[in-house]
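The values are calculated or read from the model by the stated rules, or taken from the named source; none is laboratory data. Quick caveat, the model's predicted, so the values are computed rather than measured. Positions of Cβ are generated from backbone atoms using ideal geometry, with glycine treated the same way; all protein chains shown enter the neighbour counts. All accessible areas refer to the heavy atoms of the entire protein, side chains included, with ligands and DNA or RNA removed. Shrake-Rupley method; radii C 1.70, N 1.55, O 1.52, S 1.80 Å.
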Amino acid sequence: MNSEDFDPKALLDRVHGDLNLLRELIDLFDAEVPGMLAQVEKAIQNGSASELEKASHKIKGSMLQFSAHAAANIALQLEEIGQAGSMVGTAMFLEKLRNEINVLHQTLRAMLQKGAVNAGS
């Protein structure tokens with residue numbers, strides 16, 4: 001289930017092993033990321049390279065906060081496409097980003113589940 005280029009140890013280090021903080025961050029992820037993806041999709045549908053650049057940059061930062069390097073790299077590719085003023089290949093990258101985020105979401109939830117079991121909760 002783990003995504004390539006996802007570093008769970010780096011994420012746990014970032015929250016100092018605090019499962020409650022990790023749970024809060026994952027809840028924030030659940031609340032914010034769908035809207036960010038929708039902004040990327042809207043920019044692509046509207047053919048707006050500048051909006052694509054902004055929306056992709058935002059989601060890239062969010063992915064890096066979760067040590068999700070594969071998703072961040074895909075977002076970076078979308079950001080660079082937007083910077084170039086192009087929209088070529090954006091649908092393919094959006095689909096890859098969606099898939100990577102879905103895997104990340106499952107992996108994050110599994111981390112919480114495993115952590116709760118290990119903590120005896």
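Across all directions, the average projected area of the convex hull around the alpha carbons of the stretch 1-55 is 5.0 nm². Taking the chain as the reference, fit the longest principal axis to its C-alpha atoms, fit the long axis of helix 19-46 to the helix C-alpha atoms, and give the angle between the two in degrees, 0 to 90, nearest 10. The two axes meet at around 10 degrees.
Note on the chain: Lys pairs 8 or more places apart or on different chains, Cα atoms under 25 Å apart, count 11.
Using a probe of 1.4 angstrom and keeping all protein chains present, the accessible surface of the stretch 8-121 works out to 54 square angstrom per residue.
In this Cβ point-charge picture (+1 for Lys and Arg, -1 for Asp and Glu), the chain has a dipole of about 160 debye about its Cα centre. As a size descriptor, the averaged projected area of the C-alpha convex hull of the chain was calculated at 6.8 nm².
What is the angle, in °, between the Cα long axis of helix 90-118 and the longest principal axis of the Cα atoms in the chain? Nearest 10 is fine, range 0 to 90. Between helix and principal axis, roughly 10 degrees.
Placing pseudo-labels 7 Å out from each Cα toward the beta carbon at Leu28 and Asn102 gives an inter-label distance of 2.6 nm.
What number, in percent, do you get for the relative contact order of the chain if the mean sequence gap of Cα pairs under 8 Å and at least 6 apart is divided by its residue count?
For the chain, the relative contact order is 32 percent.
Taking 0.36 nm per residue of separation and subtracting the current Cα-Cα distance, fully stretching the chain between Asp18 and Asp5 would add 2.5 nm.
Apolar share of the accessible surface for the chain: 52 percent from carbon plus sulfur atoms, 1.4 Å probe.
Axis angle, to the nearest 10 degrees, between helix 49-65 and the longest C-alpha principal axis of the chain: 10 degrees.
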